[in-house]
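Report on the following structure.
The values are calculated or read from the model by the stated rules, or taken from the named source; none is laboratory data. Computed from a prediction, not measured in an experiment: that's the story for all the values here. For neighbour counting, all protein chains shown are included, and Cβ atoms are generated from backbone atoms with ideal geometry for every residue, glycine included.
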Amino acid sequence: MTDQPLRFHVPEPASRPGGRPDFSNVVIPEAGSVRRPPVDIDPKEIRDLAYSIIRVLDREGQAVGPWVPDLDGDALIRGMRHMMTLRAFDARMQMAQRQGKTSFYMQHTGEEAVSCAFRIALGPEDMNFPTYRQAGLLIAHDYPLVDMMCQIYSNERDPIKGRQLPVMYSSKAHGFFSISGNLATQFVQAVGWAMASAIKGDRRIAAAWVGDGSTAESDFHAALVFASTYKAPVVLNVVNNQWAISTFQGIARGGSGTFAARGLGFGIPALRVDGNDYLATYAVAQWAIERARRNLGPTLVEYVTYRAGAHSTSDDPSAYRPKHESEGWPLGDPLIRLKQHLIALGAWTEERHKQAEAEILATVIAAQKEAEGHGTLHSGGKPSARDIFEDVYAELPPHLRRQRQQSGV
Amino acid sequence: MPNCLRTCAGSVSRAGSDAMARMTMIEAIRSALDVSMGRDENVVVYGEDVGFFGGVFRCTHGLQQKYGVNRCFDAPINELGIVGTAVGMAAYGLRPCVEIQFADYMYPAYDQIVSEAARLRYRSAGDFTCPLVIRMPTGGGIFGGQTHSQSPEALFTHVSGLKTVVPSNPHDAKGLLIAAIEDPDPVIFLEPKRLYNGPFDGHHDRPVTPWSKHELSEVPDGHFALPLGKAAIRREGASVTIIAYGTMVHVAEAAAEETGIDAEVIDLRSLLPLDLDTIVASVRKTGRCIVLHEATLTSGFGAELTALVQEHCFYHLEAPIMRVAGWDTPYPHAQEWAYFPGPARVGAALREIMESR
C-alpha cells in the first residue's frame, strides 16, 4: 500500500534546445559483434536481435563480422553514387523550393543508405510501399531524375498530373507504390499485396515502409497481425530516424525497448540494424528478403538512423532539439562511412570522390534544367485543368461530366 | 405487389444459363459470389467468420469448401486490416470482395476506404487501381441496437472515387453484386439486413413474408450483371414520386397501397452513380416528391436528392419536397419501431404532400 497519488507520465527526450546532444541511451555494439543466424531459424531463438544493432563497418572503415555482404567494389561504388545522387538531388530541390519553384520538399539527409541499399537487395518484380523519405528506392533503380523533378514541380510532364504534393511519387514499373501522404496506411497494404502474391503462387514479395512515429498508428499493428497470421511474404521496414517532426521517438515507442521488439509478440523475427551503414543495411535487407522469398514469412527490420535535416521545408528543428544534435549522432554519416570504406578497400580516392561529386551535380543540374523546361509550380507548362476530372473513376460518371462542363475546361 | 418487375434498365447482360431460380437475398448474394469466383480466379472473398463457417448471415456459406482457403478465408477482427490488405490485393491485380460483418463496424476502416481505396487511381494517374468490393449489412429492424443498425451510406456517397450500391431484392442483389465485382473501381455494397430473408415493408407486427412469394426473388441461375447507375420504377404512379432504396422501397410501396395515393416509387439501386434522369422524368411527371431513407435525416443522402430535385424540377413542383428519414438520434434498441420510418410515417407524408399546394 502507498499513500502516493497517481502520477501521469510523459516521456521526454534526453536533450532539448540549449542542451548538449545526448545519445547515451542509444547503445551501440561493436561492428561485427552480432551473430548472423540462418534465415530459417525459429524466431524464438533470435529475440535478442530485436534489442541489438547489426553493424558491419567499424570506425576504421573496415567491413567486419558475419554480416559482411557479398558486394564487390564496383557494386559499392554504384551504391556510393546512388547516395551522392540523392544528396545532390535533395540540395537542388530544397533550393528550388526556397526559390518558389515548388510548394514543399522533404530531404533525406543522413538516411540515404536505408533506401539506396534496400533497393539493391530487392528484385525487379517486387513492390515497395514507401513513405516520403525513401526516394533512394527510385534513384537506385534508375528512375529518371527528370520525372521525379517534374512531379516535384507539378508541371505539364508530371507523371501524376499535378495531383499530389511534391515527393509523393508513383511508379508501378519501378516497384514504387503511389505514396499516400496519410501515414502508415500503406504498411498494411504491403501485407495485402504480399498475400496476393502468395495466393497466386507467384514469386514476388512486398516491402512495407513506416517511420518511428507512425508505428503508433493502428495500421502498423493491423499489418503485423495480418502478416503474422498469413505468413505474408513481406519485409516490414521501420525507419527510426529519432524524430517525428518535433516529437522524439520515445512518444511512439513508449515502454517498448525498441521498435523492432514490436514484432516479437507476433512471432515475427525482428532485426535492428545500423541504418547509416550501407553494408549492414544491405545485408539485413537481403536476409529478410530471402526469408520472404522462401515462404518463411515476414521480418520486421528497424533501421537505426538520424534525420539530420528538417522534417520538411515547413519545419525548423532548432525549435525542439539541440542545434548541433546531428553532430553528436553516434552512427555518423552514411556517405562519409561508405567513402571511408571504399578508400580503405583501395577502390576509391578523395580525388575520385570529388570528381564523382562534380559529375553527379552536373547530371542533377542538367535534369533540373530539363524539368524546368516543362514548367514549375508557378510558371511555364502546367497540367491541364481538364485533368482534374480524369481518373476519379475509370469512366467519367454523369455527375462529373456535368461538373466538368460547368467548370468550362 | 403490382408492377414490381418493371425496371428502367434494358441492358441486363447475361451469359450462360437462362434458367431462373427462387432465391432469398442471402442466396442471391452467395450465388453472385459463387458465379464470380467461378468465372475469375482473381476474385477472393474474406472477412470475419466468412471462411469455414460461411459468415454470420451465411452469405459465404460453402465458398471455402468449393474454392479452397486461398480464395475464401477467415480474417482477424480488424476492419482496418481487412480493407487495408484488400487495397494491396486489388493493386496487385486481384478482385477482393470483403465482408464487414456489420456496416456499424466499418469506422476503423474508413481511412483505408476514403484516403486509399477511393484515391488510388486518381493520385497515381491510373498507374495503380483498386477494383475492390466492400460488402456490409446495413440498416435496422432486427433489434440490433445502435451498433448493428446504422445506415452509413452518406459517409460513402460524399467521397469522390467510391461507388455506393444498395439492392432492395434478390434479383438486383445478384446482378448488382456481380457488376460491382467486375467494376474497375471500389464499390461499397450495402445489404439491407432486414431484407435478407423477406421483403420487409415496415409492418413489424405482421408475420414475415418469405421472398418466395415475391416476384423479384426469381433470379437467373448463371451470370448476369445489372449496370450500376440505373434506377428501377417499382410502382408507377401519377400523383407523387417517392425516391427510396433498400428496405424503404418496400415501405414506400406499402404506404402507397395503404393510402390509396397514386405514388410512383423509384428504387435507386445505386446511389452513386445516380440515375438522375429517371428521378427528373418522374418528378416532372408527378409534380410532387418525397425522399425516403432509414438513415438519419441531417446531411443524409436525402439532402443531396432534395437539392437535385429542386435544381432540376423546381418549375414542375406543386408542393415543397418532403423528407422522411430516421430521427437524428442513435438507433435505439427497445424503441426501434419508434425510430424506423415505417409505412405510417410515409403514409402521413403522402397525405400531407397531396394536401399541400
Testing B:PHE224 on (1) touching a Cys at 6+ places or on another chain (Cβ under 6 Å); (2) part of a strand (DSSP E or B); (3) hydrophobic (A, V, I, L, M, F, W, C), one condition comes back false. Which one is that? (1)
Could you tell me whether A:PHE187 is modelled with pLDDT of 95 or more, crowded, with 24+ Cβ neighbours inside 10 Å and on the phi < 0 side of the Ramachandran plot? yes
What number of residues within the stretch A:340-390 are assigned to a loop (DSSP other than H, G, I, E, B), more than 20 Å from A:VAL146 (Cβ to Cβ), in contact (Cβ under 8 Å) with a residue 40 or more places away in the chain and of a type outside the set (Gly, Ala, Ser)? 2
Among the residues of the stretch A:71-84, what is the count of those that are part of a helix (DSSP H, G or I) and either touching a Gly at 6+ places or on another chain (Cβ under 9 Å) or at pLDDT below 95 (or both)? 3
What's the total number of residues in the stretch B:129-153 that are at negative phi, surrounded by fewer than 20 Cβ atoms within 10 Å (Cβ to Cβ) and of a type in the set (A, V, I, L, M, F, W, C)? 1
Here are some conditions: (1) free of Cβ contacts under 8 Å to residues at least 24 places away in the same chain; (2) more than 16 Å from the chain's Cα centre (by Cα). A:SER180 meets all but one. Which one does it not meet? (2)
Residue by residue through the stretch A:164-173, note down the ones that are within 12 Å of another protein chain (Cβ to nearest Cβ), surrounded by 20 or more Cβ atoms within 10 Å (Cβ to Cβ) and more than 14 Å from A:LEU138 (Cα to Cα). A:GLN164
Would you confirm whether or not the stretch B:195-206 contains a residue that is part of a helix (DSSP H, G or I) and polar (S, T, N, Q)? no
Give me the residue from the stretch B:130-155 that is within 14 Å of chain A (Cβ to nearest Cβ) and hydrophobic (A, V, I, L, M, F, W, C) and, out of that set, nearest to B:TYR245 (Cα to Cα). B:ILE134
Tell me, which residue of the stretch A:206-225 that is β-branched (Val, Ile, Thr) and under 20 Å from the mean Cα position of the chain (by Cα) is nearest to the other protein chains (Cβ to nearest Cβ)? A:VAL210
If a residue must be under 14 Å from B:TYR92 (Cα atoms) and either within 8 Å of another protein chain (Cβ to nearest Cβ) or touching a strand residue (DSSP E or B) at 6+ places or on another chain (Cβ under 8 Å) (or both), how many such residues does the stretch A:174-205 contain? 19
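For (1) under 21 Å from B:LEU63 (Cβ atoms); (2) free of Cβ contacts under 8 Å to residues at least 60 places away in the same chain; (3) among the acidic types (Asp, Glu), each residue gets a yes or a no:
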| site | (1), (2), (3) |
| --- | --- |
| B:ILE100 | yes, yes, no |
| B:ARG119 | no, yes, no |
| B:LEU132 | yes, yes, no |
| B:THR147 | no, yes, no |
| B:GLU153 | no, no, yes |
| B:PRO167 | yes, no, no |
| B:ALA173 | yes, no, no |
| B:GLU182 | yes, no, yes |
Pick from the stretch B:274-302, criterion in contact (Cβ under 8 Å) with a residue 12 or more places away in the chain and within 14 Å of chain A (Cβ to nearest Cβ), ranking: surrounded by the most Cβ atoms within 10 Å (Cβ to Cβ): B:PHE301
Apart from one, (1) buried (at least 23 other Cβ atoms within 10 Å of the Cβ); (2) more than 24 Å from B:GLU304 (Cβ to Cβ); (3) over 17 Å from the mean Cα position of the chain (by Cα) all hold for B:VAL240; the odd one out is (2)
Within the stretch B:179-199, track down each residue that is surrounded by fewer than 22 Cβ atoms within 10 Å (Cβ to Cβ) and away from every other protein chain (no Cβ under 14 Å). B:ASN197, B:GLY198
Which helices (runs of 4 or more DSSP H) sit wholly inside the stretch B:17-129 and have at least 1 residues that are in contact with a strand residue (DSSP E or B) (Cβ under 6 Å, 6 or more places away or on another chain) and away from chain A (no Cβ under 14 Å)? B:25-39, B:63-67
Among the residues of the stretch A:36-70, the number that are in a loop (DSSP other than H, G, I, E, B) and either at pLDDT below 95 or among the basic types (Lys, Arg) (or both) is 3
Filter the stretch A:140-163 for residues that are touching a His at 6+ places or on another chain (Cβ under 6 Å) and surrounded by fewer than 22 Cβ atoms within 10 Å (Cβ to Cβ); which is nearest to A:ILE289 (Cα to Cα)? A:HIS141
